[in-house]
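Report on one structure; see the data block that follows.
The values are calculated or read from the model by the stated rules, or taken from the named source; none is laboratory data. Note that the structure is predicted; figures quoted are calculated from it, not measured. Counting neighbours? That spans all protein chains shown, and the Cβs are built from the backbone with ideal geometry, glycine included.
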Amino acid sequence: MQLSTACAVRPATEQESINKLMGLAVFGEKVAAKIYLLMSELKEEYAPILTKFAQMEAQHGAWFMEASRKNDIEPDKEFADNELGYLIYQVDNHFKARSFESLAVVQGFIVESLAIATYESFLSVAHKYPGTHEVFKKALEEENYHVDWILRYLRLRFFDAEEDFRVLAERVNIQGIDCMGGTMMNIADYLDKVGLSGADCAGAMMDGYTQLLEKVGFEQKKATKHVVNMFMPLFHKYRRGEKTK
Amino acid sequence: MLSTATLQLNESETLLWTILRSFETLALQQYEKNISSLATTQKKELINLLVLQVPTNAALESTSLNQPVNDLLAVATNDSELDSLIIQGLLLEVLGQTIYQNIKENDNFTVYTHNLGAVGLKARESIKENTHKLIVEKIGSGDQIYQAFINISRPVIKSLDALGENLDQHFSEKFNISFSDLMGEFVAELVSTSIELGMERRKVVAYLTSTLMGI
């Protein structure tokens with residue numbers, strides 16, 4: 001994808017924030033690629049499509065890196081590593097346990113929910129960083145496609161076994177939200193500094209995540225209750241100014 | 001029997017009902033002052049019963065809950081029909097319903113509290129439909145209701161959230177329910193009610209998120 005070029009002098013706080021956010025986007029996409037590759041190793045029949053998804057995620061990371069370079073943004077790897085370390089630890093454990101379903105829930109619900117909520121919001125300020133709108137829009141479309149595939153897989157896998165899915169989702173989600181929901185709280189202030197609303201992004205993540213649970217079979221009130229329950233401790237930490245991880 | 005006998009509430013239940021009596025009494029006062037059609041017989045019966053069971057604030061006054069409860073009561077007190085509809089009719093009635101429903105389904109409460117909770121649910125049911133009808137009639141479309149909701153409800157939700165840790169300290173272990181659990185059920189019910197009133201779900205969730213984040 002061809003990207004237009006621009007250089008802008010921006011306030012130091014905005015520069016630091018966009019460096020961190022773009023770091024999370026670039027390196028988060030690499031983690032997403034890793035998760036799809038691990039999933040492809042666990043279920044041979046889905047290996048072709050999951051490998052393709054992994055390539056698409058890696059491509060997103062490459063686009064974001066290129067767009068960053070053209071906008072004088074230095075993706076903050078140290079920040080991203082710190083935020084993503086706990087997620088990678090969980091992913092490795094799910095892989096060791098050979099739990100394809102756990103990886104599907106982590107990737108399809110939690111990682112993609114965070115990505116979709118932030119990318120959707122980012123489009124409204126992308127004009128400040130020339131060349132980013134087209135790559136984030138394209139990445140967003142592809143993330144939605146990935147989520148559709150995972151939802152379809154989970155619906156078929158847990159057809160007539162909603163209780164089994166509930167148990168799996170609660171187990172995986174509690175750890176996962178602590179990680180990615182915590183990241184959302186940790187980046188809320190950075191989102192504000194680039195002209196987005198951290199609270200709106202967090203709300204979009206919660207709502208998007210709730211809707212995914214509903215699509216797999218959770219009743220609406222139960223899904224909302226489940227998500228709010230998980231986020232409440234994170235909200236309290238955010239209000240106290242504590243890091244969530 | 002329930003209407004005249006003094007029930008054997010334990011210490012934690014006495015504290016809980018003292019708090020609920022304060023909020024139900026305020027609700028009735030606000031309805032009588034601002035929206036008389038919501039001051040139903042069932043609501044009055046509930047308050048008469050609670051006044052009989054927990055006539056004073058003694059159980060509350062010496063606890064760490066006293067200040068945050070009074071703060072919440074203060075921000076929930078107002079002089080307009082619109083404020084009363086949103087704060088009492090929508091927000092605190094949904095909270096009350098959540099608490100009474102939780103009491104009904106929780107075996108850690110005594111039979112006395114179960115009986116009082118059932119009266120609370122009946123009182124809630126007596127005004128629910130009319131409240132929704134009045135909100136639509138007085139405010140208008142889902143978007144207009146949403147605007148009124150976010151303009152009026154924020155300080156109340158913030159004060160409610162400030163109660164959280166203190167509530168856990170007094171009730172969590174005893175009744176095996178955390179404030180997070182309660183808020184989960186409350187928000188789920190509130191979102192559902194908001195959708196019924198024509199509000200856009202995503203906007204309501206984003207608003208509640210920002211408020212609970214303290215933004």
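Quick notes
- The single condition among (1) more than 10 Å from chain B (Cβ to nearest Cβ); (2) within 26 Å of A:Phe95 (Cβ to Cβ); (3) of a type outside the set (Gly, Ala, Ser); (4) over 18 Å from the mean Cα position of the chain (by Cα) that A:Lys193 does not meet is (2).
- Filtered residues of region A:97-112 (kept if modelled with pLDDT under 95 and either more than 12 Å from the chain's Cα centre (by Cα) or within 13 Å of A:Leu151 (Cβ to Cβ) (or both)): A:Val105, A:Gln107, A:Gly108, A:Phe109, A:Glu112
- With respect to the stated conditions, B:Ile103 fails to be modelled with pLDDT of 95 or more, away from chain A (no Cβ under 12 Å) and within 23 Å of B:Thr77 (Cβ to Cβ).
- Here the condition is being surrounded by 22 or more Cβ atoms within 10 Å (Cβ to Cβ), charged (D, E, K, R) and over 16 Å from the mean Cα position of the chain (by Cα); of A:Lys225, A:Lys237, A:Lys215, it holds for A:Lys225 alone.
- Of residues in region B:180-196 being more than 7 Å from chain A (Cβ to nearest Cβ) and farther than 16 Å from B:Leu92 by Cβ, the one surrounded by the fewest Cβ atoms within 10 Å (Cβ to Cβ): B:Glu196
- Candidate set from region A:120-135 (those that are in contact (Cβ under 8 Å) with a residue 24 or more places away in the chain and assigned to a helix (DSSP H, G or I)); member that is surrounded by the most Cβ atoms within 10 Å (Cβ to Cβ): A:Thr132
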